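See below for the structure under consideration.
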Amino acid sequence: MWNRLAKRNCNSVIVGWQITQLLNYLITHLLLSAMSQSFAIQLDNVSKTFGRGRKRVEAVRQLSLAVNTGQVFGFLGPNGAGKSSTIRMMLDLIRPSSGNILLYGRSVQNNPALMRRVGALVEGAAFYDFLTGRKNLEILARTGDCYDANRIQTLLAQVGMADRADRKVQGYSTGMKQRLGLAAALLNDPDLVILDEPTNGLDPAGIQDVRHFIRDLAEKQGKTIFLSSHLLSEVEQVCDQVGIIHNGRLVQTGSVAKLLSAQAIIRLEVAPVDRAMGLLLPRWGVTANGRWLEVQAAREDVPEMVQQLVAAEVQIFQVVVQQQSLEALFLAATAVASAAETAHA
Amino acid sequence: MRSAFAAEWRKLVGHHKAIAFLVWIYPIGALMIVLLIQILPALLLEPVREMMAAEPIDWTEDLLSVWNAMNGFPGGTFLRMPFIAFIAIAFAGEYQWGTWKNIVPRQSRVALVLAKFLVLGTLILLALLLTSLVLAGGGALRAALFAIPFGPALADLEVASFLRGVGLQVLVTFANTLIVASYAALIAMYSRSIIASLLLSVGVGILEFASSLLLLIVSQALQRPNLVNIIVALPTYNLDNVRSWVVEGVGSTFGGFPGFTAVPPLWLSVVIVLLWLGGLLGGTAVLFRRQDINS
């Protein structure tokens, strides 16, 4: 009797354990799946090496990043940092040496149909010079099985090329090719738009047009934008998130606003300077310049700083918050990365 | 695949200079031959007219002449050069213009390569078909202008057998075009330059022709005449052999080369051609699937 009961209990425990495991698996799996669905782009430890032996070049090194759907993500880096190689891997134009690239939770390499959700302008727009701009778009649309003459006309008008669409591309300026490239990237009405230096060769008015256009794509049409640029002001104006790449490595990533506010310079005119410096130094980086102290801190730290100084009877005459530019942030991040690599070497 | 074909067709037909000088040059050249060499001299010179009238015109021969020339050996090797150049432009151009990056994300790589092969094959066949019609039409015009006997009458013609002959020539030409296109495509994928792939593809075409002469010289020099039989492994010979078996009822003796004894049966030549075709087309597709597009 006891044996039978014990056996029954044991069976119930096993079944219960199995159900718990199953539920755990389902919840984890569904959660992960739901999480990856909310990411338009996920790069997991991606590396790319070109050549062999002496000609071996590591273009991208263990790069991991994630871009949420609906975001405008700025991808910053100096020339040769690995931006274009990363973009080409995302488009399956080149294969990563290691790591995974997921778009909307699916591997790029095993799902060519994913590309129907993606539009791209890769590293300088290139077209068939012997054809007109419109014909080029028609051919690209037909290749992607999304030909719609009305959409082509609308896009040409949106990028300001409607009146020049029937001229051969060989007569186009770089800026005109860029505009056409932008239209080409949107032919299939993609969810994710990948733009590699989209304002290259455009005049100042054209640059403004394109920036507004990109913001509209994100805000009005809900598209996710991955924007590679060396123009820091452009990224600052257009992007929500930014990733800085240097020598193939991601050296900084985060929201533009947070990164900038985390790197402000607080200038304080105080007396006595020595006492103030002694109070602030343990926590923040401080340099003295006459009656002025320059403190590297976040804007949010200012009230605490002021409270400490007042409590220690330090007189405060002026407080000036200097927001750092993305340029300074970029230069600092790449300089730190370079120094670290030199030290490592 | 249909959309990839349509896009490729529009693209290549839109390259007016290349298509005019390297593809439409055949029917245009045939028209020039008909007008300037056959009609005009006969209109102007009585002796030419008399000479022409003495020889009856066979429109079936005119119709087949271009196909025979294209599939003949070694003449076909040289006649194919402009086509090879066009094929080189079609493949290497995408690298040089930097346009693979636009189309590769929009369609599967295999479909893109197959669409190129199909469009090139179709365009070349169309050009040869037009050439053949121009030559046959030229014969009819000469017959009408100068009262030359013209035949054979349709009633006297074994239509089924004639059409089978034409169909075979077209098939052989199509297979030949695909093989040549594969050479050019493979070279283009490695060289990534129009000029380099054009020169190298023409070089391979000449090498194939020269290899038979080379084999002959080597076999004679080594006093091993059987060595020349290696040629039966090459696609050009086998295409000629298929044509020869079907049209003439005997295998191709390879121009009566001394020592050449290994005339393969029809089925074996067909198999060898299919193996070449499959290997080259498949190889091109596999190579392209794995290739990094950096341009």
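Annotations
- Alpha-carbon centroid distance for the pair the stretch A:279-305 / the stretch B:125-185, whole angstrom: 90
- For the stretch B:224-274, alpha-carbon Rg over 2.2 N^0.38 Å: 1.04
- Helical content alone sets the calculated 222 nm signal of chain B at -23500 deg cm²/dmol, taking -39,500 (n - 2.57) per DSSP H segment of four or more residues and averaging over every residue.
- For the stretch A:40-251, the solvent-accessible area of protein heavy atoms averages 40 Å² per residue (probe radius 1.4 Å; ligands and nucleic acids excluded).
- GNM result for chain B, Cα springs below 10 Å: residue of B:58, B:240, B:156 fluctuating most strongly: B:156
- Annotation for the B:A interface, with buried accessible surface near 2500 Å², both sides summed [1.4 Å probe; non-protein components not counted].
- Projecting the Cα atoms of A:186, A:204, A:251 onto the charge dipole of the stretch A:186-259 (Cβ charges, centred on the Cα centre) puts A:251 farthest toward the positive pole.
- For the stretch A:40-251, size of Cβ-based charge dipole, Lys and Arg +1, Asp and Glu -1, in debye: 820
- Accessible area of the stretch A:264-323 belonging to carbon and sulfur atoms, whole % at 1.4 Å probe: 49
- Using R0 = 51 Å, the C-beta based FRET efficiency linking residue B:199 and residue B:58 works out to 0.80.
- Here the accessible area is traced with a 1.4 Å probe on the protein chains. For the stretch A:40-251, carbon and sulfur cover 41 percent of it.
- Alpha-carbon centroid distance for the pair the stretch A:175-202 / the stretch B:31-61, whole angstrom: 59
- Local electrostatic count at residue A:229 - Lys and Arg +1, Asp and Glu -1, tallied over other residues with Cβ under 11 Å: -2
- Separation between Cα centres of the stretch A:42-61 and the stretch B:190-269, rounded to whole Å: 44
- Averaged over the residues of A:130-140, the number of partner chain Cβ atoms lying within 10 Å of the residue Cβ comes to 4.
- Accessible area per residue in Å² at 1.4 Å probe, computed on chain B: 45
- Considering only the stretch A:40-251, percent of DSSP beta bridges that pair antiparallel, nearest 5: 50
- Within a straight-line Cα-Cα reach of under 16 Å, residue A:83 can be paired with the following lysines, leaving aside sequence neighbours fewer than 8 residues apart in one chain: A:48, B:101.
- Applying a length cut-off of 20 Å (Cα extent along the axis) and a mean Kyte-Doolittle floor of -1.0 to the DSSP H helices of chain B leaves B:81-96, B:109-146, B:159-191, B:194-221, B:266-290.
- Share antiparallel - DSSP beta bridges, the protein assembly as shown, percent rounded to 5: 65
- Label sites at residue A:174 and residue B:13, each approximated as a point 7 angstrom past Cα along Cα to Cβ, lie 3.6 nm apart.
The values are calculated or read from the model by the stated rules, or taken from the named source; none is laboratory data. Everything numeric in this text was worked out from a predicted model, so none of it was measured. Backbone-built Cβ (ideal geometry, glycine too); neighbour counts: all protein chains shown. The area values use the complete protein model at the heavy-atom level, side chains included, leaving out ligands, DNA and RNA. Shrake-Rupley method; radii C 1.70, N 1.55, O 1.52, S 1.80 Å.
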